[in-house]
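This report concerns only the one structure given below.
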Amino acid sequence: MNALLDIQNLAVGYTKREPLFQHIHARLDAGTVVGLLGPNGIGKSTLLKTLAGILPPLEGDISASFTSPVRQPTQETHSNTSAFVPSQPPRAAHFSVWDTVSTGRYRYTNWLGIDDQEGKQQVGKALEQTGTLHLAQRDGSELSDGEFHRVAIARALVQNTPLLLLDEPTAFLDIANKRIVAQLLHTLARKEEKAILFSTHDLALAMEYCDLFWIMTPERTLHTGTPQQLQEDGTIDKLYQT
């Protein structure tokens with residue numbers, strides 16, 4: 001498989017003297033959905049923010065590579081190849097869904113902040129992919145949590161990055177919306193050849209939709225493998241140890 005992100009001996013946290021988690025070795029491949037699991041406070045959000053370039057790594061290396069339709073394979077900083085969706089995406093009152101998603105095109109607009117026709121088509125495509133095109137003119141602050149999570153994913157999609165990082169995208173959603181979002185991520189990985197990493201506490205949902213797990217255990221070890229492998233070797237059981 002094509003590795004979009006390669007992580008070597010990574011330490012994450014806020015101070016070098018007390019990293020939240022360290023010695024992380026992993027990779028993200030195109031076309032795969034990876035579930036990030038672990039107990040509260042172990043560093044899942046911090047890891048995602050570090051991979052997104054929001055937080056600096058305390059040590060180690062994160063290298064990203066990808067092939068675009070118009071460019072040769074290249075090495076880029078991970079912050080330029082990933083789009084991040086926080087657990088509670090911010091909403092702006094009196095801001096339409098179309099305008100909210102359009103803000104994700106900031107990398108492509110001219111110095112006046114104006115996007116071209118292709119960019120507008122990308123916004124429409126992302127709204128259609130996430131099943132939110134019918135909400136385009138609605139005020140984003142008036143949407144349900146399930147609807148707005150899909151809008152936030154659409155905003156990430158228009159950034160045209162090969163890697164999507166999502167922090168608990170199914171939190172606070174009912175069962176139906178959890179499945180809609182999980183199925184959407186699975187479809188995007190398959191059809192768009194994106195690598196998708198999302199944190200979750202919903203083990204049943206992750207077992208159904210993820211190709212691989214990254215499990216951050218209380219022993220401060222990152223275990224990677226298929227859900228079946230990690231279930232058989234007892235790693236998943238460590239999530240429930242106190």
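The values are calculated or read from the model by the stated rules, or taken from the named source; none is laboratory data. Just so it is clear, the structure is predicted and the values come from calculations on it, not from any experiment. Every residue, glycine among them, receives a Cβ derived from its backbone with ideal geometry; neighbour counts consider all protein chains shown.
From (1) surrounded by 19 or more Cβ atoms within 10 Å (Cβ to Cβ); (2) under 25 Å from ASN2 (Cα atoms); (3) out of contact with any helix residue (DSSP H, G or I) (no Cβ under 6 Å at 6 or more places or on another chain), pick out the condition that doesn't hold for ASP167.
(3)
Give the residue that is nearest to ALA204 (Cα to Cα), with candidates limited to residues of region 134-175 that are in the same structural domain as GLY124 (by TED's automatic domain parsing) and of a type in the set (Gly, Ala, Ser).
GLY146
Just the residues that are loosely packed, with under 15 Cβ neighbours inside 10 Å and under 25 Å from ALA189 (Cβ atoms), please, taken from region 4-34. Steps first, answer last, please.
First, the residues of region 4-34 that are loosely packed, with under 15 Cβ neighbours inside 10 Å: 8-9, 14-18, 23, 25.
Of everything in region 4-34, those that are loosely packed, with under 15 Cβ neighbours inside 10 Å and under 25 Å from ALA189 (Cβ atoms) turn out to be GLN8, HIS25.
Out of the residues in region 110-126 meeting the condition of being of a type in the set (A, V, I, L, M) and either modelled with pLDDT of 95 or more or over 26 Å from GLN88 (Cβ atoms) (or both), tell me which one is surrounded by the most Cβ atoms within 10 Å (Cβ to Cβ).
Let us first name the residues in region 110-126 that are of a type in the set (A, V, I, L, M), namely 112, 114, 123, 126.
Cutting the leftovers down to either modelled with pLDDT of 95 or more or over 26 Å from GLN88 (Cβ atoms) (or both) gives us 112, 114.
On the way: LEU112: 5, ILE114: 8.
Restricting to residues being of a type in the set (A, V, I, L, M) and either modelled with pLDDT of 95 or more or over 26 Å from GLN88 (Cβ atoms) (or both), the top hit is ILE114.
Tell me which of these VAL70 doesn't satisfy, since it passes every other one: (1) assigned by TED's automatic domain parsing to the domain that holds VAL33; (2) modelled with pLDDT of 80 or more; (3) of a type in the set (A, V, I, L, M, F, W, C).
The number of the failed condition is (2).
Using the structure shown, decide if TYR240 is among the aromatic types (Phe, Trp, Tyr), in the same structural domain as GLY53 (by TED's automatic domain parsing) and under 29 Å from SER65 (Cβ atoms).
Numbers: among the aromatic types (Phe, Trp, Tyr): yes; in the same structural domain as GLY53 (by TED's automatic domain parsing): yes; under 29 Å from SER65 (Cβ atoms): no.
So TYR240 does not fit the description; no.
Do you know which residues across region 221-238 are within 22 Å of LEU28 (Cα to Cα), surrounded by 15 or more Cβ atoms within 10 Å (Cβ to Cβ) and over 21 Å from the mean Cα position of the chain (by Cα)?
Residues satisfying the conditions are LEU230, GLN231, THR235, ILE236.
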